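Just below is one structure, and these are the notes that go with it.
The values are calculated or read from the model by the stated rules, or taken from the named source; none is laboratory data. Just so it is clear, the model here is predicted, and its values are computed rather than measured. Quick reminder, even Gly has a Cβ in these numbers, built from the backbone with ideal geometry, and neighbours come from all protein chains shown.
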């Protein structure tokens, strides 16, 4: 049995399947070490996709039409705040009304919702994972309601940047794949390089690429019209992956990510894990000085607690200056990235940068980034 190294959506799906099995009157596979079988690739084309055994803690009926399934997160090796987190999913049958979705989800305690609403913050992958594993278990003409609870999730969320990205009250379910990937793990770089080699053999994908920084970027990009087949998660290995992309024949590369991460590239920092290098406020202040901002504003930028706070305070005092500084950052990211790739002997790659802020809004585009963003969106529409 393989049950370690999975993202939070997998453990939610496992608890949900366990609950629905109890609703159907089916026992779990083993009382000593209960587990459920999950399809972990909801977009798989195989007629009979492989199933993987995932551990659960148990399931119980709460009434004639209600059941509770419980799992516990095991994200594998490395630091991860979800380790040991209990996942409770309450399932109940629902009458399937015309025009109503068969799967209805509700956020319980500890689950993140979008600020200003009760809408569960759920990635497309997480929803598809639930759907592909639960729909085969439903009786004909029947819907399903799930209430997801993460005991302790509200407290854990305070250690993340969820709230800054517009997610409140708990942890977001925004994983984009089943397996946990460490953004600073050398194996993650090797996997990304292998994926570049695979894409290089596909004429439709060989020359264009969007390097996405982080899970929030990977979740946000498709909603902004960036075609999913061109997306590749870079993690913190941005510099080596740009060089590898050029080596594999990529001609147009768009960097898409949170401004507080990509700003490091404007300072010549191309492995962005905070344990290795930071300097974000120093880079911001330098770019502001090159823009000609007065000394008093430079001092306030340098003393801010974060890039977002610095730009927010600058915008309150001079909105035009803040917008100009963000645009200058995007242009500097493009220039330094092109120079980095050229130093490694690769000169045929055009690099653009598009930045979003913690409200998940596009906030800056470099000259090349604006062009590539429009072109990639057009490809998606075509």
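Scan segment 288-299 and give yes if some residue there is under 29 Å from the mean Cα position of the chain (by Cα) and surrounded by 17 or more Cβ atoms within 10 Å (Cβ to Cβ), otherwise no. Checking segment 288-299: not a single residue is under 29 Å from the mean Cα position of the chain (by Cα) and surrounded by 17 or more Cβ atoms within 10 Å (Cβ to Cβ).
Determine whether segment 103-122 contains at least one residue that is over 22 Å from the mean Cα position of the chain (by Cα), within 16 Å of residue 13 (Cα to Cα) and outside any loop (DSSP other than H, G, I, E, B). Scanning segment 103-122 turns up at least one residue that is over 22 Å from the mean Cα position of the chain (by Cα), within 16 Å of residue 13 (Cα to Cα) and outside any loop (DSSP other than H, G, I, E, B). Candidates in segment 22-38 are the residues that are in a loop (DSSP other than H, G, I, E, B), touching a helix residue (DSSP H, G or I) at 6+ places or on another chain (Cβ under 9 Å) and closer than 18 Å to residue 72 by Cα; of these, the one that is modelled with the lowest pLDDT is 28. Residue 1 fulfils the conditions (1) at pLDDT below 90; (2) surrounded by 13 or more Cβ atoms within 10 Å (Cβ to Cβ); (3) over 22 Å from residue 172 (Cα atoms) except for a single criterion, (2). Tell me, please, whether a residue that is loosely packed, with under 14 Cβ neighbours inside 10 Å, under 26 Å from the mean Cα position of the chain (by Cα) and either outside the structural domain of residue 270 (by TED's automatic domain parsing) or farther than 18 Å from residue 270 by Cα (or both) can be found in segment 318-341. No, every residue in segment 318-341 fails to be loosely packed, with under 14 Cβ neighbours inside 10 Å, under 26 Å from the mean Cα position of the chain (by Cα) and either outside the structural domain of residue 270 (by TED's automatic domain parsing) or farther than 18 Å from residue 270 by Cα (or both).
For segment 226-242, the set of residues classified as under 17 Å from residue 205 (Cα atoms), assigned to a helix (DSSP H, G or I) and touching a residue at least 12 places away in the same chain (Cβ under 8 Å) consists of 229, 230, 241, 242, listed by residue number.
Answer with yes or no whether residue 217 is in a helix (DSSP H, G or I) and either at pLDDT below 90 or not assigned by TED's automatic domain parsing to the domain that holds residue 358 (or both). Yes; evaluated as a whole, the condition is true for this residue. In this structure, residue 332 qualifies as farther than 30 Å from residue 116 by Cα and at pLDDT 95 or above. Taken as a whole, the condition of being assigned by TED's automatic domain parsing to the domain that holds residue 68, touching a strand residue (DSSP E or B) at 6+ places or on another chain (Cβ under 8 Å) and under 23 Å from residue 224 (Cα atoms) applies to residue 126. Look through segment 150-180, keep the residues that are touching a strand residue (DSSP E or B) at 6+ places or on another chain (Cβ under 7 Å) and within 19 Å of residue 128 (Cα to Cα), and return whichever of them is surrounded by the fewest Cβ atoms within 10 Å (Cβ to Cβ). Top of the filtered list is 179. Out of curiosity, is residue 19 out of contact with any helix residue (DSSP H, G or I) (no Cβ under 7 Å at 6 or more places or on another chain), at pLDDT 95 or above and closer than 20 Å to residue 171 by Cβ? When the stated conditions are applied, residue 19 passes them.
Step by step: first the residues of segment 124-171, then only those that are within 21 Å of residue 36 (Cβ to Cβ) and part of a loop (DSSP other than H, G, I, E, B), then the one that is modelled with the lowest pLDDT. Which residue is that?
139
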